[in-house]
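Heads up: the structure comes next, in structure tokens.
The values are calculated or read from the model by the stated rules, or taken from the named source; none is laboratory data. Fair warning: this is a prediction, and the values are worked out from it, not measured in the lab. All Cβ positions, glycine included, derive from the backbone under ideal geometry; neighbour counts span all protein chains shown. The accessibility values were calculated without ligands, DNA or RNA, using every heavy atom of the protein model including side chains. Shrake-Rupley method; radii C 1.70, N 1.55, O 1.52, S 1.80 Å.
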Amino acid sequence: MTARAASVYRCQQCGFASPKPGTCPDCRRATGDLVPLVEERAASARGPRRAVTSPERPRSLREISLERGDRLATGLGELDRVLGGGVVRGSLVLIGGDPGIGKSTLLLQAARALARAAPPVLYISAEESAAQVKMRADRLGIAADGLLLWAETDLSAVQAALDDVKPRALIVDSIQTVYLPELESAPGSVTQVRECGARLMTLARGLGVATFLVGHVTKEGALAGPRVLEHLVDTVLYFEGESHHAYRILRAVKNRFGSTNEIGVFEMGERGLAEVANPSGFFLAERPQGAAGSVIVSSLEGTRPLLLELQALVARASFGTPRRTVLGADYNRVCLLLAVLEKLGGMPLASQDVFVNVAGGGRVTEPAADLGIVVATASSYMDRAVPGDALVLGEVGLTGEVRAVSGVELRLREAAALGFRRAVVPRSNAGDGAKLPLEVRGVATVGEALDALLG
Ligand code: TYD
Ligand code: MG
């Protein structure tokens, strides 16, 4: 690691090097004895790096031309969309996710089309042996000639080979297992990860190589160690899902070349990841018909509406304190909505256990699902089913008012395309579905919504 200039101070009396200005900790001389030491090392370390990344000279915007074909298609439509229309040459893309979620599988599949369109593609496997990756490739039916596989953990060796191989796309799996031998710290340490990331950034920029990095994520959801990488790279994608559910969501959390409002949906199967073109149909496949306590809501993931089934079960509490169990939604929000339902809907929920679940392991984070939670709970309490072809949307306030939500037209269009015939939406949004083949009912209060859906 390079020391920053003036970060070390040397005592003029005894020569002791101190990290702080002020009194010398060794000979205890008075303030003023220490002077900033400008390290030559720091200055020279900065030199070559700047030479690689700095543009030739300042130019006006008009002078700068964009080359066509700067984006490469990965052949996975969902991945391309999340990237903003393919991967940009010379960019660095970080794909984070829990171990075992399918990051290696995703990139191996992307490498297939990249190797065909822009050979050669170099896949650096720093976690698995070449034979292990080959086995996976066989299973996925990948046998592209332009795909070069290399099990190597020394990044300086990779760098040295790039001149010969001249890859147009580079995959490094993973950033936590490659290392630079000149650094003393272990692979995966913050120092290694940061320096490896910076090195790869310089290479990607300098050689115009589209570069993908795999990064593992800790249980808390942070990229282990390399938080600092998120600032460095151009694009950060998270690959999420629950290991016991087959669907996976690819989400852009940072993208210098596209929107962060996109998600891609995949399904992990026998033969790797398959794109899910119609995620709503996928989520709703096992929906019970005519059952009380089930409501369909629409969650807007970026520009993409996802239909989700919310389920509630209300049962008499057998002990003093009623239970509230919430999966896939915010616990406090559900408690708040139950209080609204109790006070304004006249349902004595204080004596009832309430369980709320998003079917299929999905998650709702938007207030737009509030009304759905209220209606599902009321439906279960009253033991009366909500019509199966109805979509429910709306934010619920503490006075029981139903407030407007965003993206209503988008959500309604998706629902109409999937066979929904009715929707209950906030009154101020009721006009948003005017052109759609849906019977849209605007409601201003929770009471009106319950009347409309449960009679
Ligand atoms: P992997 O891509 O190795 O995950 P990561 O690189 O994120 O750690 O995928 C691991 C899981 O995916 C593994 O549990 C097996 C499963 N899998 C399938 O179900 N089908 C397949 O075709 C492949 C290749 C993997
Ligand atoms: Mg892997």
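Numbers for the structure displayed
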{"quantity": "Top-ranked residue of the stretch 162-182 - restricted to ones that are in contact with a Pro (Cβ under 8 Å, 6 or more places away or on another chain) and more than 16 Å from ligand 1 (Cβ to nearest atom), ranked as least open to solvent (accessible area, probe 1.4 Å)", "calculated": "Pro167"}
{"quantity": "Answer from Arg116, Arg81, Arg112, Arg89 - the residue that is within 16 Å of ligand 1 (Cβ to nearest atom) and in contact (Cβ under 8 Å) with a residue 12 or more places away in the chain", "calculated": "Arg112"}
{"quantity": "Residue under evaluation Ala126, criteria (1) within 16 Å of ligand 1 (Cβ to nearest atom); (2) aliphatic (A, V, I, L, M); (3) touching a strand residue (DSSP E or B) at 6+ places or on another chain (Cβ under 6 Å), criterion not met", "calculated": "(3)"}
{"quantity": "Unique match (being on the phi < 0 side of the Ramachandran plot and open to solvent by 10 Å² or more (accessible area, probe 1.4 Å)) among Leu398, Leu391", "calculated": "Leu398"}
{"quantity": "Number of the condition not met by Leu307 [criteria: (1) buried (at least 22 other Cβ atoms within 10 Å of the Cβ); (2) within 20 Å of the chain's Cα centre (by Cα); (3) modelled with pLDDT of 90 or more]", "calculated": "(3)"}
{"quantity": "Subset of the stretch 91-125 (residues that are open to solvent by 10 Å² or more (accessible area, probe 1.4 Å) and either among the hydroxyl-bearing types (Ser, Thr, Tyr) or more than 10 Å from ligand 2 (Cβ to nearest atom) (or both))", "calculated": "Asp98, Ser104, Thr105, Gln109, Arg112, Ala113, Arg116, Ala117, Pro119, Pro120"}
{"quantity": "Residue check, Leu140 in contact (Cβ under 8 Å) with a residue 60 or more places away in the chain and either away from ligand 1 (no atom under 12 Å from the Cβ) or of a type outside the set (D, E, K, R) (or both)", "calculated": "yes"}
{"quantity": "Pairs, first at pLDDT 95 or above in the stretch 330-349, second open to solvent by less than 70 Å² (accessible area, probe 1.4 Å) and of a type in the set (Asp, Glu), C-beta under 7 Å, six or more apart", "calculated": "Leu337/Asp370"}
{"quantity": "Criterion: under 33 Å from the mean Cα position of the chain (by Cα) and crowded, with 23+ Cβ neighbours inside 10 Å - qualifying residue of Ala423, Ala417, Ala404", "calculated": "Ala423"}
{"quantity": "Conditions (1) farther than 23 Å from Ala378 by Cα; (2) within 33 Å of the chain's Cα centre (by Cα); number of the one not met by Ala434", "calculated": "(2)"}
{"quantity": "Test result for Ser351, crowded, with 24+ Cβ neighbours inside 10 Å and hydroxyl-bearing (Ser, Thr, Tyr)", "calculated": "no"}
{"quantity": "Some residue of the stretch 228-246 being open to solvent by 50 Å² or more (accessible area, probe 1.4 Å), modelled with pLDDT under 75 and under 30 Å from Asp383 (Cα atoms)", "calculated": "yes"}
